[in-house]
Amino acid sequence: MILGGKKSMEFIKPAAKVRGGVRVPHRKNTSECATVDMPSPKTVKIMMSQHIGAPSVPCVKKGDEVKVGTLIGSPAEGLSSPIYSSVSGTVSEVCDAMLSSGQMSKAIVIESDGLMTEEEFTAPTVETKEQLIEAVKNSGIVGLGGAGFPTYVKLSPKTPVDTLVINGAECEPYITADYREILENSDDILRAVYKIKKLLEIKQVIFVVEDNKPKAIDKLLEVVSDKQDTDNSVRVMKVRSMYPRGAEKMTIYAATGRRVPPGKLPADVGCIVMNITTLGSIGRYLENGKPLVSKRLTVDGSAVANPMNVRVPIGTSAADIFEFTGGFKNPPKKIIFGGPMMGFAVPNDQIPITKSSNALLAFDEKTVGKMSSSDCIRCGRCVSACPMSLMPAAIERAQILGDVDELNSLGVRNCMECGSCAFGCPAKRPLVQVMRLAKQIVNKR
Amino acid sequence: MEKLTVSANPHIKGAATTQRIMLDVIIALVPAGVASVIIFGWRSLLVIATCVLSAVISELICRKIMKRSNTISDLSAVVTGLLLAYNLPVSIPLWMAAIGSAVAIVVVKQMFGGLGHNFVNPALIGRIVLMNSFAAAMSHWTLPVMYQSGADAITTATPLVQMSNGTAVKYTDLLFGTTGGCLGETCVIALVVGGIYLVCRRVISPAIPLVYIGTTALLTFFAGFDPLAQTMSGGLMLGAIFMATDYATSPTTTLGKVIYAIGCGAITSFIRIFGSIPEGVSYSIIIMNIVTPHIDRLTRHKPFGSVKAKGEGK
C-alpha cells in the first residue's frame, strides 16, 4: 500500500489486523502534565552502555573539566554511539556500575557545578544522505522508545526502503513521554520527518498512534496538513489501543500489512521504524546541533506523591528524580525503569537514567503484593495473547524438561518478552521469566 | 530505604484467576441445576450435593496424603462434582454417586498430577465407571414430576431410546427437559443459557460447542434421523458445552478445537447410528481427549511472519 489521494486532514485506518495482545489498564495520569525541566543534580553517573551494540569508550579521566555536550564516551568499533556529558563540572570517577537491566557497564561520574555551562553548538549542514547519517551518528541519538538501537544504522539500510513508520503508539500503561513529545515538540518531529523523507527518498510516512490519544492524533493531523507535504504522503494512522501495538513488528504490520519474518529486520520489508521522541530529538539536533544529553520521563506509580513528566539530565539517579518530583506518598516496594509491562525492576534507587529510559515508576506494597502461581490449567489465554503467535504454555513445558529441540521448534527465540502471556495468565505463571530461561538454554547449545 | 522487590516483567497482571474461571463455570451450571430440581424434584439437589461434597473431600484428603498444597479453593473439584451429578439419573443411590465422584477426583485428576494434568475428563470417567459397575441403577430413568400421577415413581425411557423404538418425542419436552434422562442433561434451554454466559465471559470459545453440535446434526440428518431431536436429546448439549470444552483435555488452537469437535460429533453420531448403546457423548469426548495431544502437535502455530515452506501448511 502506498499512500496518496485523500486529504491528509483525515487519519487513516490500519492496513492489517494485528492478532493477539491484551487489554491493559491505560493509567495515563500524566497526559496533561507539561514537561518540567529538572535542574542539575549534584552528581550524574553516565553509563557507557546505553545502546544496543558495543559500549562506548570513556575518553575523559578523573579530574577533567567538562561542559554540557562534551564528548565523554567515544563510539567503539562497529555498532556503537557517542555519549556526551549532561552537566558541566568535574569528572570525579570512572568506575563500573549497574544498569537498570542488572548488567554491569563502565560509567563516568561527574560532579556538577550546577551552572549547566554548554559547549558551543553549531547546527550541522545536512544536504546529502551521508551528511544526515553522519549528523545523526554524532548526535548520540539511539532508539528512545526503549530498545536503544543506534539510529544512524537505521538510516543506512542495506535493502531499499520506501516507508518510514513513526511509532507513537505508546501502548505501555502510565507512560506519556511520547504523547508529550507530540503535543510539545511537533515542529521538531516534522523537521526530522521531512529531512529523512527527502534524503532517503521515502515514499510514504505513517504516524501510528493509539486511539486513546485523540489530542495527539489531532495535533499530528494539524501539523502534517501544512504546505510542506505537497504529495500528501505523510499520514496519521489511528490504531486500536491494545498492548503491545507499539512493538516494532506489530506496528509495521498494522501500518503497511507487511510481515517481518523471524530473524529479519524492518528494512527487509522496506520499512524504517522510529520512535516519535527519537525523531523529535533528531529534529532538535538538526536545528541547533546540541547532542542528546537529557530525556523526558514519566514519573508515576502508586507510591509517587506527584506524578509528572520531567526532563532530566542523562545519568541522574532515580533517587534524585524522586526527590525533585516531591518524593513518595507511600513507601516504595518496587521501582521500575520503563513501563509496568516491559520495564526493569531495580534493586536500589541509585541506578541512573539512560538515553532510552522513558518512565520511572514506583509502586507501594499494596500494588506490588504477593504473586503466587498455581498449576497451568491449559486455558490457552497465553496462546491467544501472544502477538508473535508463539505457544507460551508449550514453551514452558519444554523449558521445564530442558528440551532444546522442542524449544527451537516452538520458536522461542522470536519471543520479545512483551509480557502479554504472563499478564493474562489466570494461574499467574511467571512466563516471561520462563521465556528468558528457555532462550538461555537454547543459546547455550 | 526499604528492600525493593525485583522480579521479571510484567509488573502488573490481569484480573483473570483460575478460581474466577471455575466460579464462572459453576454460575453457568446453575440454571441446569435449578431446572433439574423443578423437573425431577428435590432429590436431584441431594445427588448434586453428594457429588460435590464427595469431590471436595476426596481432593482434600488426596492432596493431604500426597503432601501437596491444598487446592480446593480453586473450585475445580466443585465443578467436577457438579458435572458428574448432572450425568447421573436422579434415582441413583447416594453412595454410588459418592464413589463416582471420588474415582473422578482421585484416580483421574489427582493421580495424574491435579488440575490441568489429567488427560481425560474426570467427570466423564466417573460416569463411565458407574455405568459399567452399576448398570441397572445408572439406566433407571424416572418420569419428570409433572408427568407423575401416583405415589410410586413411574419410570420412563430416555428420548434417544424412545426415538429408536419409533416413538415420537415432543420438541417442547426436549427444550424444557421434561423427559427421562440424567438430571442435568435434559433441559436444553438452561444449558444453552449457561453456554452463552461462558462465551460472553470469554471462559470458553464457541468453536467446540458449535462445531460439535453442528457435526452431530449433519451426520444424523444424513443417516435419516431427525437432527433437531438428536441434538436436543441425550447428553449432547451438556457434553458439548461443558465437558468437551474442558481446558486440560481439549486442544489450544482454534483449528485444533475445530478438528477435535468434528471428531467428537462424528463419534457421537456413529455410536447413535450404528452402536448397540443409545448414547455416545461420554465415549466420544473421552476418545477425543486422548487424541488431543496429537491434535495440539499438528495444529501448532508458526511464529509471526514465518514463510511457509513448500508442501507445508494447509
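Checking the stated criteria, B:Leu124 turns out to be in a helix (DSSP H, G or I), closer than 30 Å to B:Arg68 by Cα and in contact (Cβ under 8 Å) with a residue 24 or more places away in the chain.
Of the residues making up segment A:84-104, those that are aliphatic (A, V, I, L, M) and outside any strand (DSSP E or B) number 2.
For B:Ile241, the requirement of being modelled with pLDDT of 95 or more, surrounded by fewer than 24 Cβ atoms within 10 Å (Cβ to Cβ) and under 19 Å from B:Thr80 (Cα atoms) is not met. Exactly one condition in (1) more than 20 Å from the chain's Cα centre (by Cα); (2) surrounded by fewer than 20 Cβ atoms within 10 Å (Cβ to Cβ); (3) under 24 Å from B:Ala32 (Cα atoms) is false for B:Pro144; which is it? Condition not satisfied by B:Pro144: (2). Taking segment A:52-70 as the range and being in a strand (DSSP E or B), touching a Ser or Thr at 6+ places or on another chain (Cβ under 8 Å) and farther than 11 Å from A:Ile314 by Cβ as the test, the residues that pass are A:Val57, A:Glu65, A:Val66.
Among the numbered conditions (1) of a type outside the set (Asp, Glu); (2) more than 14 Å from every other protein chain (Cβ to nearest Cβ); (3) more than 17 Å from the chain's Cα centre (by Cα), the only one that B:Ala32 does not meet is (3). Residues in segment B:107-121 that are in a helix (DSSP H, G or I), over 20 Å from B:Tyr283 (Cα atoms) and touching a residue at least 24 places away in the same chain (Cβ under 8 Å): B:Gln110 alone. Considering A:Ser81, A:Ser49, A:Ser31, which residue is under 20 Å from A:Phe121 (Cα atoms) and part of a loop (DSSP other than H, G, I, E, B)? Going through A:Ser81, A:Ser49, A:Ser31 in turn, the sole match is A:Ser81.
Within segment B:192-209, the set of residues being in contact (Cβ under 8 Å) with a residue 12 or more places away in the chain and either within 15 Å of B:Leu238 (Cβ to Cβ) or surrounded by 18 or more Cβ atoms within 10 Å (Cβ to Cβ) (or both) comprises B:Val192, B:Val193, B:Gly194, B:Gly195, B:Tyr197, B:Leu198, B:Val203, B:Ile204, B:Ala207, B:Ile208, B:Pro209. Listed by position, the helices (runs of 4 or more DSSP H) enclosed by segment A:326-439 that each have at least 3 residues that are more than 7 Å from chain B (Cβ to nearest Cβ) are A:365-368, A:381-385, A:392-401, A:404-409. Filtering B:Ile286, B:Ile267, B:Ile259 for residues that are surrounded by fewer than 24 Cβ atoms within 10 Å (Cβ to Cβ), in contact (Cβ under 8 Å) with a residue 60 or more places away in the chain, of a type in the set (Val, Ile, Thr) and part of a helix (DSSP H, G or I) leaves a single hit, B:Ile286. If I go through segment B:1-29 residue by residue, how many of them are of a type in the set (Gly, Ala, Ser), surrounded by 18 or more Cβ atoms within 10 Å (Cβ to Cβ) and facing chain A (nearest Cβ under 9 Å)? The number of residues fulfilling the criteria is 3. Screening B:Trp42 on (1) of a type outside the set (S, T, N, Q); (2) more than 21 Å from the chain's Cα centre (by Cα); (3) within 11 Å of chain A (Cβ to nearest Cβ) shows it passes everything except condition (3). At negative phi, in contact with a strand residue (DSSP E or B) (Cβ under 8 Å, 6 or more places away or on another chain) and surrounded by fewer than 22 Cβ atoms within 10 Å (Cβ to Cβ): does that describe A:Asp375? No: the conditions fail for A:Asp375. Taking the conditions exactly as written (farther than 21 Å from B:Ile27 by Cα, more than 14 Å from chain A (Cβ to nearest Cβ) and in a helix (DSSP H, G or I)), does B:Gly100 satisfy them or not? So B:Gly100 passes the test. Going through (1) within 14 Å of chain A (Cβ to nearest Cβ); (2) out of contact with any His (no Cβ under 9 Å at 6 or more places or on another chain); (3) under 21 Å from B:Phe242 (Cα atoms) one by one, B:Lys109 falls short only on (2).
The values are calculated or read from the model by the stated rules, or taken from the named source; none is laboratory data. Just so you know, these numbers come straight off a predicted model, no measurement behind them. All Cβ positions, glycine included, derive from the backbone under ideal geometry; neighbour counts span all protein chains shown.
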